[in-house]
Amino acid sequence: MTTHSEDHYYVPHGSHWPVVGSVGLLFLMVGVSSWLNGAGAGFYIMLTGVAVLVFMITGWFAEVIRESQKGLYNDQVDKSFRQGMFWFIFSEVMFFAAFFGALFYARNMSVPWLGGDSNNFFTNLLLWEGYESTWPTDGPGGIGGEYEAMGPFGLPLINTALLLTSSITVTIAHHALLAGKRMRLSIFLAATFVLGFIFVYMQGVEYVEAYQHYNLKLTTGIYGSTFFMLTGFHGMHVTIGAIMLTIIFFRVLKGHFSPDHHFAFEAVAWYWHFVDVVWVGLYVFVYWM
Amino acid sequence: MSSTVADALDHEHDDHGPTKGIGRWLFSTNHKDIGTMYLIFSLTMFFIGGAMAMVIRSELAVPGLQFVHPEFFNSMTTMHALIMVFGAVMPAFVGLANWMIPLMIGAPDMALPRMNNWSFWILPVAFGILLSTLLMPGGAPASGWTMYPPLVLQTGDAFPFLIFSVHLMGISSIMGAINVIVTIINMRAPDMSLLKMPMFVWMWLITAYLLIAVMPVLAGAVTMLLTDQFFGTSFFLAAGGGDPVMFQHIFWFFGHPEVYIMILPAFGVVSEIIPTFSRKKLFGHDSMVYAGSSIAFLSFIVWAHHMFTVGMPLTGQMFFMFATMLIAVPTGVKVFNWVATMWRGAMTFETPMLFSLGFVFLFTIGGFSGLMLAIAPADIQYHDTYFVVAHFHYVLVPGSVFAIMAGAYYWLPKWTGHMYNETLGKAHFWLSTIFVNLTFFPMHFLGLAGMPRRIPDYSTQFADFNTIASIGAFGFGLSQLIFVWIVVTAWRGEKATDRVWEGSHGLEWTVPSPAPWHTFTTPPKARIAQEAFE
Ligand SMILES: [Cu+2]
């Protein structure tokens, strides 16, 4: 298992982590579902599932890191990991595409139609007489009551600056890694995840603001739905990305990664750029336009 | 020559043999074992989903309500579809991919073997959760597999379980698809260029791309259902500025590529089998690749042909109608190529070939009825009638399922090392073919006469054809037991040679039968690989 000449493949030995993961998913999904149905025990089943999943992820990654540090992985394995990560990010892009699609559909189609646009004169007349379509809107039924929209300036603009800066710092860190400058690498990597966590904090501040002062909630019609689902899923991804960056930072401190062997670093950097790009889309289409 | 080649390929094991006991299956990183688990899982789901179909056909055998409550009937149609689509057909193709893609491209295993294991082991969890909804207050989901709001929001306690089981199926498919793509791109034998790849591999590459592109969209759609139900969002609520029709758009953006996800691997399977039993090379290999890619591309811009009757701007109807009809062109290229492959070939008709021929004929019927449905003004008549049921069952049963059966017979000797019982295989084919037509052909007439789908009772004018369809359905269901018997007794047959079929070509036929636990632990040498591609 230690030979890895160019013409020899590497196949990892069996692992119990996937099955542990499946058990974790079982508890998580059953727990959340019963909790949503109003069964109090569901909450604890869900927590158990989360715990099992955290245990699985930690254990699985620890094993992979150990194997990688032992030099078991050849270039082909490295390539497989890279391609796998690329396609994983593509799947994430498509997940966000569904919610962006919902936003575009609502703004350009369903809301104008409710206002009588196109050939929907009677929809407007019979269902929602007098409703004039605008954006943002909480719909002709005024679901969620009076609210104020979230403008593009202030917090969101600061957040944009934070995230764009962090994309630059992670790139500088990457170049430092390739050049073998470890001090520079750790400083800029640390800067990246600190910026990431500040972003998440600011996003939290913004949410509190929205709920308390703007009466802008998840339940504020289609505007609130798209606003919170898009920014919420994005914030979740930033959180995950920042945690991964932190782990990578500690691995750097432990002396992991070399200029020609650092898949994990790059994977997380790609992921970080991905959340950055999604944010730009959010800033333009959710906050600005 | 093949066995010596195989010996040469087989030396120097990385790993010891399989571990003993249940651990071999639970912790497996072996593509063959995981493939086997996928196939067994799929067959199990095929019979569970099939049993639900039998409930449906019993209820519909004669007019009036006889056996089940209408709500339970709706649960049966919903669960039958979800189980057959996500539990039987898709895992069967993933199982075939697991077994055959590494063998066909000369790889030692899938590129990411541990993730491969997880892809499989999520499935029993997903379907355990889904099946458990049958016992819940409010019953199993009964809104149809398309889960349209607002109807689906009336589901009882089963609702969140339905959503999360769909999430799990999605996670499993996405991981499986990533594995397939990476394996194909990164693990091919050194001198196997992309256009030299076997057609099954090609079709799966395209399928995997489709899976990664659309499963997350389905996840997004069901997530919106969940938040609309429990967290007060307004995605599908007109009062809040949303639109129930928006769900249909998002769902079918997933749903149409999904039908190609279930048929492209089938194209791949029959494109392997027809050349073997025609003793000719596949006609128009490269054009098959381009046709498959065109189908994949077009599949993203036709989704609203499922929604002609919900209302959309006229330009939208025109666009989706013509885009849909355009798909007939690449599909026609494929059918033409299969026929041209057989043209003047030295054909023999073993079971895999029979199923493939059945596929070509009967899938094409489903394709034509699809063309009829694509015509927007005509679709207003056909929509939500048994004509639609007839159409998609023709492409899925004598389409996808026949191709899976063909593949199973074709590769069974490679998996078990023994020839299956050919007489029984042929009986399985003929009975399946007769009964499948008996079941689904009359549904065309029922639909054209106006019988709506998804109802437990109907007007007496539809009685005769429904009785015929029910007889056919039971016949088809029972015929599948022959398949189980053939598989279970497959180890009794005569020893299979490495090449198995006289006309077979490709790397998978250069390894021994049964294929050893490890194959291609080193990349196959150029000469060997070259020989296999000729
Ligand atoms: Cu379609």
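The values are calculated or read from the model by the stated rules, or taken from the named source; none is laboratory data. Since the structure is predicted, the reported quantities are computational estimates derived from the model, not experimental observations. A quick note on method: Cβ atoms are made from the backbone with ideal geometry, for glycine too, and the neighbour counts reach across all protein chains shown. Surface areas here come from the heavy atoms of the whole protein model, side chains and all, with no ligands, DNA or RNA. Shrake-Rupley method; radii C 1.70, N 1.55, O 1.52, S 1.80 Å.
On the given criteria, is A:Thr226 buried (at least 22 other Cβ atoms within 10 Å of the Cβ) and either in a helix (DSSP H, G or I) or over 15 Å from the mean Cα position of the chain (by Cα) (or both)? So A:Thr226 passes the test. In the range A:115-124, the condition of being at the interface with chain B (Cβ under 7 Å from one of its Cβ atoms) and either part of a helix (DSSP H, G or I) or open to solvent by 40 Å² or more (accessible area, probe 1.4 Å) (or both) is met by at least one residue. When only residues in the range B:147-158 that are in contact with a helix residue (DSSP H, G or I) (Cβ under 6 Å, 6 or more places away or on another chain) and open to solvent by less than 20 Å² (accessible area, probe 1.4 Å) count, which is farthest from the other protein chains (Cβ to nearest Cβ)? The residue in question is B:Pro149.
Here is a yes/no grid of residues against (1) within 9 Å of chain B (Cβ to nearest Cβ); (2) open to solvent by less than 30 Å² (accessible area, probe 1.4 Å); (3) within 25 Å of the chain's Cα centre (by Cα); (4) among the acidic types (Asp, Glu):
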site: A:Leu47; (1), (2), (3), (4): no, no, yes, no
site: A:Val54; (1), (2), (3), (4): no, no, yes, no
site: A:Trp60; (1), (2), (3), (4): yes, no, yes, no
site: A:Ser68; (1), (2), (3), (4): no, yes, no, no
site: A:Trp87; (1), (2), (3), (4): yes, no, yes, no
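In a residue-by-residue description of the range B:242-249, the property of being part of a helix (DSSP H, G or I), at the interface with another protein chain (Cβ under 7 Å from one of its Cβ atoms) and more than 16 Å from the ligand (Cβ to nearest atom) applies to at least one position.
Let's see how each residue does on (1) open to solvent by less than 10 Å² (accessible area, probe 1.4 Å); (2) touching a His at 6+ places or on another chain (Cβ under 8 Å); (3) part of a helix (DSSP H, G or I):
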| site | (1), (2), (3) |
| --- | --- |
| B:His167 | no, no, yes |
| B:Ile184 | yes, no, yes |
| B:Asp191 | no, no, no |
| B:Ile206 | no, no, yes |
| B:Leu211 | yes, no, yes |
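Yes/no per residue for (1) within 17 Å of the chain's Cα centre (by Cα); (2) modelled with pLDDT under 95; (3) closer than 19 Å to A:Phe99 by Cβ:
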{"site": "A:Gln203", "(1), (2), (3)": "yes, no, yes"}
{"site": "A:Ile222", "(1), (2), (3)": "no, no, yes"}
{"site": "A:Thr231", "(1), (2), (3)": "yes, no, yes"}
{"site": "A:Thr246", "(1), (2), (3)": "yes, no, no"}
{"site": "A:His262", "(1), (2), (3)": "no, yes, no"}
{"site": "A:Val275", "(1), (2), (3)": "yes, no, yes"}
{"site": "A:Met289", "(1), (2), (3)": "no, yes, yes"}
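For the range A:31-45, residues that are open to solvent by 40 Å² or more (accessible area, probe 1.4 Å) and part of a helix (DSSP H, G or I) total 5. Within the range A:53-69, residues that are over 15 Å from A:His13 (Cβ atoms) reach partners that are outside any helix (DSSP H, G or I) with beta carbons closer than 7 Å, at six or more positions or on different chains, in the pairs A:Gln69/A:His256. Applying the criterion of being aromatic (Phe, Trp, Tyr) and crowded, with 24+ Cβ neighbours inside 10 Å to the residues of the range B:421-449, the residue that is farthest from B:Thr348 (Cα to Cα) is B:Phe440.
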